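See structure below.
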Amino acid sequence: MARQRTDRIAPEVPRGVEFPIATGVAELRDEPDGTTFLWVNGVPSSPLDPDPEYLAFEYMRHLSAIVTAWARPERMLALHVGAAACAFPRHLAHRLPDSGHIAVDIDSTLPELVRQWWDLPRAPRLRIRAQDGLEAVTSRRDASLDLVVRDAFAGDETPAALASTEWWAHAARTLRPGGLVLANVGTRPGAPGAAADTAAAREVLGDVLAIGEHAVLKGRRRGNVVIAGPADDRLDVDALRRYAASAPLPTGIRLDWAG
């Protein structure tokens, strides 16, 4: 049964009409299940939903499951690279009220718009700013974050600068002991980007864990895979396997995924 809409996100913004942003065009579209989707340059970018617990995108549910299975500090600070409409930072801020979040996006228009559109936590719980994703990690002090989440795309691909060994090394450098890096990796059969991205993550972090649909993990069709590292004893892999077994779509956990 479809969920009933309890509220409308940004009702003053016309639906199905593109409007200019700094990096191109954006559009809001309402769905029957109560979610409003932000599209950026013709690609679905962020779900906006009245309920912060609900995550419309499957990969965001994977991100949330990994955070749940992680032995995280009681008061954590997270950096989100690729903020868009801040759906996932909002979700974590709701679930973990003592957590703090910094969300950055290369588009200088979106941070202003998303504050107008819906009920995002105010600073200092959630700070949003326009910033390049590589600069966001290179400018951070050593051991100043507990969690780094990369969810940044140019079209349907991760920008090369954010999938490089340099980016992963700086992300790892910013982590406090026991910290975690999560990345949403877009992959499609025959494309080399995911393999290079995952290899860079392994070079820096050692063991990494991948979660996604079986067909995507096997390279049979395009989709999203979430990788997490380091995959050490702070991640409860058994809990993640139970999560994957109960997921609506056939989902797997791989410790040897090579993209």
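Tabulated results
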quantity	calculated
Residues of the stretch 165-190 satisfying the condition of being under 26 Å from ALA85 (Cβ atoms), open to solvent by 20 Å² or more (accessible area, probe 1.4 Å) and either out of contact with any strand residue (DSSP E or B) (no Cβ under 7 Å at 6 or more places or on another chain) or part of a loop (DSSP other than H, G, I, E, B) (or both)	HIS170, ARG188
The stretch 110-149 - residue that is of a type in the set (Val, Ile, Thr) and under 18 Å from the mean Cα position of the chain (by Cα) and, of those, farthest from ALA22 (Cα to Cα)	VAL148
Residue in the stretch 200-215 that is part of a helix (DSSP H, G or I), among the β-branched types (Val, Ile, Thr) and over 24 Å from LEU92 (Cα atoms) present	yes
Some residue of the stretch 150-157 being without any contact (Cβ under 8 Å) to a residue 12 or more places away in the chain and under 15 Å from the mean Cα position of the chain (by Cα)	yes
Pairs where the first residue, in the stretch 188-216, is of a type in the set (Lys, Arg) and the second is open to solvent by 10 Å² or more (accessible area, probe 1.4 Å), C-beta under 9 Å, 6+ apart	ARG188/ASP156; ARG188/GLY219; ARG188/ARG221; ARG188/ARG222; ARG188/GLY223; ARG202/ALA258
Any hit, the stretch 148-158, residues being open to solvent by 10 Å² or more (accessible area, probe 1.4 Å) and over 30 Å from ARG241 (Cβ atoms)	yes
Strands (runs of 3 or more DSSP E) contained entirely in the stretch 74-139, each with at least 1 residues that are among the charged types (D, E, K, R)	100-105, 126-130
Qualifying strands (runs of 3 or more DSSP E) (wholly inside the stretch 20-61; at least 1 residues being in contact with a Lys or Arg (Cβ under 8 Å, 6 or more places away or on another chain) and over 27 Å from LEU240 (Cβ atoms))	24-30, 36-40
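The values are calculated or read from the model by the stated rules, or taken from the named source; none is laboratory data. Keep in mind it's a predicted model, so treat the numbers as computed, not measured. In this analysis, Cβ positions are derived from the backbone assuming ideal geometry, glycine residues included, and neighbour counts consider all displayed protein chains. The accessibility values were calculated without ligands, DNA or RNA, using every heavy atom of the protein model including side chains. Shrake-Rupley method; radii C 1.70, N 1.55, O 1.52, S 1.80 Å.
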